[in-house]
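**Q** Handing you a structure now.
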Amino acid sequence: MDIQEEVKHTIQRAISELYQQDAGEIVLQPTKKEFEGLYTFVTFPLTKALRQAPAQIGQAIGSWITQNSSIVSGFNVVQGFLNLSIADAAWVTVLNDISANPAFGTSAQKEQSVMVEFSSPNTNKPLHLGHLRNNFLGDSVSRILAANGYTVAKTCIVNDRGIHICKSMLAYKLFSADESGHRETPESTGMKGDHLIGKYYVLFDKAYKAQIEELVGQGMPKEEAEKKAPLMLEVQQMLRLWEQGDPETVALWSQLNAWVYEGFDATYQSIGVSFDKTYYESNTYLLGKEIVEEGLQKGVFYRKDDGSVWIDLAEQGLDQKLVLRSDGTSVYMTQDLGTTDLKFQDFHTDRQIWVVGNEQDYHFNVLFAILHRLGRDYADGLYHLSYGMVDLPTGKMKSREGTVVDADDLIQETIDAASAAADEAAKGKLDEFSDDEKTALFKMLGLGALKYYLLKVDPQKRMQFNPAESVDLHGNTGPYIQYVHARIRSVLRKASDMGVSLEGAVTTTELDEIEQQLVFLLSQYPQRVAEAGDAYAPSYIAQYVYELAKTFNQFYDKLSILKETDAVKLHTRLILSKSVGETIRKAMGLLGIEVPEKM
């Protein structure tokens, strides 16, 4: 039973019979906590058509509904707000429907597919905190869309070429050998490959800045010094050699990238993220040139006197945009045009979503405008899931200066903080855990803390990540919700040990107010999943599951479960607890977060 839809239908019937009017679409909202009721219908919009005061309309509809519906048990009117209370029998029906449906909250399969592209790392440094928000968003949105019935393809494009990659390559070539000529490797240093190469990216920047400072000291303007510093000239030459296929340069590039990919794979495995296909910029950066030629023939692009190719998007407020340099080399836009076409050819999805930071908003507006101009059938299904940057309490991070917090280090820091918090809260209860069980639990709590903290905030908002705050076992955190799930599982295990059966339907005719509230929240889960999918917003799920966990704790504190002597009430509360636990597990799963059986 969908109580909300039943109530909407009943209100439509009431208006039709009372006023001989078509009510149109009925919108309900949760009743404010200071008033009795669970659903509120606002009558203000009806006053003009029905020629009555809002409160009078509410009184008439409320009276009709209580006389003609078995679902609504009572009502009250506050000005133009009709607050409706739902009969216990209706909530019991809802609870039985939920507990009997293992697929509750998952939509039927749709005939539509979606591609979600996320992560987009560079092979000159390890993943960092910003990448974590990106990965968690992309992974969670993919899970939420799948729960809404879409076929989902998860893709990643690796930025493995260009001047920034050559910077770490050149630094490694110049600075990695010891006195005997042996070069550092992940094995010789004990470092992950991505961390090792990231070290040389930072070394390049330090040496480059020193050269600029020296040239400026000799009287050269800073802007000129940045262009003429020996390291910059060398790195530009290295890029030319790479593009020409120079064997030595390509071999160095291949070796360093291989080390980085091993590091990336270890991090992805650690955080539970995977992709259906990975694209590499080195394979795709030339693809867009054919599209540029197509656009020239169609008159979408134009060529300037210097041979460069442009598009005029002034009508869209996007000005003129370069799509091919005068020397015939690609720009990022050229590559993205080709890669977008390639991804559509590979997967033929109805939608393509890019999870990319908001500093690229303009780029994606231009990309989508160009593809519309080119007449691509898939252009209407393109979407940029723009998200805000993540700061630490110490401020903004910068890769080149080595102030970025590497993802692996932050993950370990959060796991350590979760371990300390759990140990303190457990008061010896973890002694029954084996060392392996403790390790698994602390990792689950640490990753849960990290993911939940980054996902509970609206994606578009810039945010600050505080590791210590994220692992708090009280308040709106991942570990708090994980603890509630573990508490529910403990109750169910104890019930099983007592020989209490969880089989059969709930038969009670009376529910406590907090039990009604819990069933109401459970009934909202499919709607919240649908809303999160429509808005590409895991934060909707995070807000929901926190509210569910918090309400369960209120229920747990108010009513006895295992000490309840009334068998019908005991059975009801156990079934309710089990349904809440299952829904918490599903909702946290949509955030990519595991929940423990015990804590």
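Every read-out reported here was derived from the displayed coordinates using simple, explicitly stated rules and does not represent laboratory data. Keep in mind that this is a model prediction, so the values were computed, not measured. Heads up, the Cβs are rebuilt from the backbone with ideal geometry, glycines too, and the neighbour counts pull from every protein chain shown.
**Q** Roughly how many Å is it from the Cα centre of region 557-599 to that of region 432-478, as a whole number?
**A** Here the answer is 21 Å between Cα centres.
**Q** Continuing with this model, one more query. Taking Cα centroids, how far is region 169-245 from region 7-69 in Å?
**A** 71
**Q** Before anything else, pin down the relative contact order of the chain: Cα pairs under 8 Å, at least 6 apart, normalised by residue count, whole percent.
**A** 15
**Q** Subtract the Cα-Cα distance of Gln21 and Glu34 from 0.36 nm times their separation in residues, and report this length gain in nm to one decimal.
**A** Stretched fully, the Gln21-Glu34 segment lengthens by 1.5 nm.
**Q** Tell me the label only: which of (i) 3, 14, 20, 21, 17, 12, 8, 4, 1, 0; (ii) 4, 18, 30, 28, 15, 4, 0, 0; (iii) 3, 15, 24, 25, 20, 11, 2, 0 is P(r) over Cα pairs in 10 Å bins from 0, in percent as calculated from this structure?
**A** Of the labelled values, this structure produces (i).
**Q** Contour minus end-to-end for His348 and Ser70, with contour as 0.36 nm per residue of separation and end-to-end as the Cα-Cα distance?
**A** Value of the extension gain: 95.2 nm.
**Q** What are the GluC sites (Glu not before Pro) within region 87-186 that DSSP puts in a loop, where the Cβ has at most 15 other Cβ atoms within 10 Å?
**A** Glu111, Glu179
**Q** I would also like to ask the following. Using amide H atoms built in the peptide plane, which far-off residues or other-chain residues are under 5 Å from Tyr280 H to H?
**A** Result for Tyr280 returns Val158.
**Q** Based on other C-beta atoms within 10 Å, arrange Arg573, Arg143 from fewest to most.
**A** Ordered from fewest to most neighbouring Cβ atoms within 10 Å, Arg573, Arg143 come out as Arg143, Arg573.
**Q** Another question, if that's okay. Amide H of Phe301: which non-local residues (sequence gap of 5 or more, or other chain) have their own amide H closer than 5 Å, using H built in the peptide plane?
**A** Leu296
**Q** With everything on Cα atoms, drop me the angle between helix 3-19 and the longest principal axis of the chain, reported from 0 to 90° to the nearest 10.
**A** The helix 3-19 is inclined about 60 degrees to the chain.
**Q** In whole Hz and in residue order, list the ³J(HN,Hα) couplings for region 542-559 that follow from phi through the Karplus curve 6.51 cos²θ - 1.76 cosθ + 1.60, θ = phi - 60°; x for Gly and Pro.
**A** 4, 4, 5, 5, 5, 4, 5, 5, 5, 5, 4, 4, 5, 4, 4, 6, 7, 10
**Q** For region 409-590, just say rounded, prolate or oblate: build the C-alpha gyration tensor, square-root its eigenvalues into a ≥ b ≥ c, call rounded for a/c under 1.5, and beyond that prolate if a/b exceeds b/c, oblate if not.
**A** Judged from the Cα gyration tensor, region 409-590 comes out oblate (a/c at least 1.5, b/c at or above a/b).
**Q** Helix 163-175 against the longest principal axis of the chain: what's the angle in degrees, Cα atoms only, rounded to the nearest 10?
**A** Long axis of 163-175 versus the principal axis of the chain: about 60 degrees.
**Q** Does region 3-86 come out rounded, prolate or oblate by the C-alpha gyration tensor, with a ≥ b ≥ c the root eigenvalues, rounded set by a/c under 1.5 and, if not, prolate when a/b is larger than b/c and oblate if not?
**A** The shape class here is oblate.
**Q** In addition: Evaluate E = 1/(1 + (r/R0)^6) for Ala314 and Asp409, where r is the Cβ-Cβ distance and R0 equals 41 Å; express this FRET efficiency to the nearest 0.05.
**A** Efficiency, rounded to the nearest 0.05: 0.35.
**Q** To test your reading of the geometry: what angle, between 0 and 90 degrees and rounded to tens, separates the Cα axis of helix 288-298 from the longest principal axis of the chain?
**A** It is inclined by approximately 80 degrees.
**Q** Something else about it: Do the sum for the chain: with -39,500 (n - 2.57) for every DSSP H run of n ≥ 4, divided by all residues, what is the mean residue ellipticity at 222 nm, to the nearest 500 deg cm²/dmol?
**A** Helix contribution divided over all residues of the chain: -18000 deg cm²/dmol.
**Q** Once phi is turned into ³J(HN,Hα) by the Karplus curve 6.51 cos²θ - 1.76 cosθ + 1.60 with θ = phi - 60°, what whole-Hz value does each residue of region 254-270 show in order, with x for glycine and proline?
**A** Result, ordered by residue: 5, 5, 5, 5, 4, 4, 5, 4, 4, x, 4, 4, 5, 5, 4, 5, 4 Hz.
**Q** Quick one: order Tyr453, Tyr302 by neighbouring beta-carbon count within 10 Å, fewest to most.
**A** Tyr302, Tyr453
**Q** Say R0 is 45 Å: what FRET efficiency, to the nearest 0.05, do Glu6 and Lys298 get from their beta-carbon distance?
**A** That pair, Glu6 with Lys298, gives E of 0.25.
**Q** Further, regarding this structure: Hey, quick one: spin label on Leu233, modelled 7 Å out along Cα-Cβ, who in region 159-184 has an amide N within reach, i.e. under 18 Å?
**A** Counting only backbone N, you get 167, 170-171, 174.
**Q** Next question, about the same structure. Taking 8 Å as the Cα distance limit and 6 or more residues as the minimum spacing, I'd like the relative contact order of region 3-86 as a percentage.
**A** Computed value for region 3-86: 30 percent relative contact order.
**Q** Let me ask something else. For region 326-378 and region 406-421, what is the centre-to-centre distance using only Cα atoms, to the nearest Å?
**A** Rounded to whole Å, the Cα centres lie 37 Å apart.
**Q** Specify which residue in the list Gly105, Gly475, Leu50 is farthest towards the positive end of the charge dipole of the chain, using unit charges on the beta carbon of Lys, Arg (+1) and Asp, Glu (-1), about the Cα centre.
**A** Checked the options; the winner is Leu50.
**Q** I'd like to know which of Thr93, Gly338, Gly581 lies farthest towards the positive end of the charge dipole of the chain, counting +1 on Cβ of Lys and Arg and -1 on Cβ of Asp and Glu.
**A** Thr93
**Q** What residues have an amide H closer than 5 Å to that of Gly74, excluding those fewer than 5 places away on the same chain, when H is modeled at 1.01 Å from N in the peptide plane?
**A** Here Ser85 satisfy the definition.
**Q** Now, a different point. At a 10 Å Cβ-Cβ cut-off, how would you order Phe136, Phe442, fewest neighbours first?
**A** Phe442, Phe136
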